[in-house]
Every structure is written in structure tokens, then in C-alpha cells.
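The values are calculated or read from the model by the stated rules, or taken from the named source; none is laboratory data. If you're wondering where the values come from, they're calculated on a predicted model, not measured in any experiment. Virtual Cβ from ideal backbone geometry, glycine too; neighbours counted across all protein chains shown. Note: areas computed on protein heavy atoms with side chains; ligands, DNA, RNA excluded. Shrake-Rupley method; radii C 1.70, N 1.55, O 1.52, S 1.80 Å.
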Amino acid sequence: MSKRFDPHAYREPRPAATLIRMLEPVGRFALRNGLRVRAVDLPAADRARLVAAVHPGTAAFLAPLHPEFLTDWLIDKEIAARVSPLMAHWASYEIVNGHPLSQRFWLANNLIANVPGGEGREYSIRWALAGHGVLLHPEGTATWHGHFVGEVLPGAVSMALETARRARAAGDARPVFVVPLVWALIFKRRATAGLERESSHLERA
């Protein structure tokens, strides 16, 4: 007799590297053709800083400072694809555990469900020590103000501190980083009318 599916139960991710790499062009297609993000410009100097922070000799927790919407997550996935494709990503358990089939898909994509009382923190520390990096999305105070960075929430910092403590206790002197991740959308043409429609929709809601 099969166990009844419980959307509130935590299940550990089971990252499938082949699936993750196969989905990279799908995410790029969705960004370009569905969400109209024509390009993700990651300057060489910024990429070098990310690579220096996220590699097998470090443990890193990335903290994006933006709201949690589809565009944001796809851009974060594109950045991860260029720096550390097997990076783990935190996500709402309502999304990860929405259905047994979709749960299998998201766990294979290395998404960590934020199930209250789950083991996501322990998995994150282990995965960071494996050198792949962990992205907590969103891990910054979300605002709608351009060119303003909100405060980093305590999750990434507390995990980094615990990771550093465990590494030192095991005689591992690797650096542990908290990496704020900030990017901006640049409109290639005047977007006033569309932004006003979106603002009106939000105000009515």
C-alpha cells in the first residue's frame, strides 16, 4: 500500500545533473520568448567574483535581493548555470510539493522546499560544503525602489555561520561566504504605459 502524499512533508532534493543541464536552454527560451528578457549581461569581473566565491574549495550562500517571481528565479538559474549548475535553490513548499509528479521534478532540479520543521537547513549546509553553493530565494528585503538594496535576511547568514563552525570543528579551513546577488532589469524602449498598467493592477488587488 502506497503512502499518502503529504504536501507538508519535507523530502530531500535528489539533484539530477543531466536534467539540470538539459533544462538550461529551456529556461533561456522562456526568458527570451516568454518574459522578453533579451539577454543576461554578466560582466566578466562580476562572474570572476562569483566563481571565486562558489567552487569546490569554498562554501557559499547566495542571497538575491529581489522579490520572488518567475522572472527573478529564471535569471538566478541562468546565473547559476554560468557559475555552478548544481547550485541548490530554496523555494516555497507550496510550489515544490504541489503534486507528487511536480515534486519529483523540482527535487531533481535541486530545489529545497521551505517546509516548516524540515531538514532544508541541514541539506543546505552539506551542499554548501560540497562546493556547489546554495541560493536562498528571496533572501533580501523585497522593495519596489530602483537602485535601492534592502537588508539581507538572517537565513543565509545563520547558515553560513553554522557551516563555518562545523568546517572549523572538522579541521576544514575553507572560506565560507554570504554572497549578496543584485541585478537590474534595463528596458530597451519606453515602458511607462506597461508599468502603469502593472501598478494599477497591483493597487486594485
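Counting only DSSP beta bridges with both residues in the chain, what percent are antiparallel, rounded to the nearest 5?
5
How much accessible area per residue does the chain have, counting only protein heavy atoms and a probe of 1.4 Å, in square angstrom?
Per residue, the chain has 61 Å² of solvent-accessible surface.
When the Cα centres of the stretch 147-205 and the stretch 1-40 are compared, how far apart do they sit, in Å?
Here the two parts' Cα centres lie 20 Å apart.
Please name whichever of A128, A63, I79 sits farthest to the positive end of the charge dipole of the chain, dipole taken about the Cα centre and charges placed at Cβ: Lys and Arg +1, Asp and Glu -1.
So the residue furthest toward the plus end is I79.
Sort 89-102, 40-53, 168-181 for me by packing, meaning the mean count of neighbouring Cβ atoms within 10 Å per residue, highest on top. The partial results should precede the final answer.
Details: 89-102: 16.6, 40-53: 12.8, 168-181: 14.3.
In decreasing order of mean packing, 89-102, 40-53, 168-181 become 89-102, 168-181, 40-53.
I need the phi-derived Karplus couplings for the stretch 100-109: 6.51 cos²θ - 1.76 cosθ + 1.60, θ = phi - 60°, integer Hz, Gly and Pro marked x.
x, 6, 5, 4, 4, 5, 5, 5, 5, 8
Give me the compactness ratio for the chain, meaning the Cα radius of gyration over 2.2 N^0.38 Å. Show your work: numbers first, answer last.
Working: Rg = 17.9 Å, N = 205, 2.2 N^0.38 = 16.6 Å.
This ratio for the chain stands at 1.08.
Long-range amide H contacts for H137: which residues qualify at under 5 Å (H placed 1.01 Å from N, peptide plane, sequence gap of 5 or more or a different chain)?
Hits under the 5 Å cutoff: W90.
How would you classify the stretch 79-126 from its alpha-carbon gyration tensor, with a ≥ b ≥ c the square roots of the eigenvalues: rounded for a/c under 1.5, else prolate if a/b is greater than b/c, otherwise oblate? Display every interim value, and only then the final one.
On the way: a/c = 2.33, a/b = 1.28, b/c = 1.82.
Oblate, because a/c is 1.5 or more while a/b does not exceed b/c.
For the chain, with all protein chains present and a 1.4 Å probe, just round the carbon and sulfur fraction of the accessible area to a whole percent.
About 59 percent, which is the carbon plus sulfur part of the accessible surface.
Helix-only estimate, please: 222 nm mean residue ellipticity of the chain, summing -39500 (n - 2.57) across DSSP H runs of length 4 or more and dividing by its residues, to the nearest 500.
-13000 deg cm²/dmol
With only Lys, Arg, Asp and Glu charged, each at its Cβ (+1 for the first two, -1 for the last two), find how big the charge dipole of the chain is about the Cα centre; round to the nearest 20 debye.
Working: 25 positive and 19 negative charges, 122 e Å.
Once rounded to the nearest 20, the dipole reads 580 debye.
Among the chymotrypsin sites (Phe, Trp or Tyr not before Pro) within the stretch 1-76, which fall in a DSSP loop and have no more than 13 other Cβ atoms within 10 Å of their own Cβ? Intermediate results must be reported in sequence, preceding the final value.
Values: sites: F5, Y10, F29, F61, F69, W73; in loops: F5, Y10, F69.
Here the chymotrypsin sites (Phe, Trp or Tyr not before Pro) that fit, given the DSSP loop and packing criteria, are F5, F69.
Would you tally the net charge around A191, using a Cβ to Cβ cut-off of less than 12 Å, leaving A191 out, and scoring K and R as +1, D and E as -1?
Working: positive: R36, K188, R189, R190, R197; negative: E196, E198.
In short, +3.
Mind listing the long-range amide H neighbours of V179? Cut-off is under 5 Å, sequence gap 5 or more, other chains count too, H placed in the peptide plane at 1.01 Å from N.
Hits under the 5 Å cutoff: F61, L62, A63.
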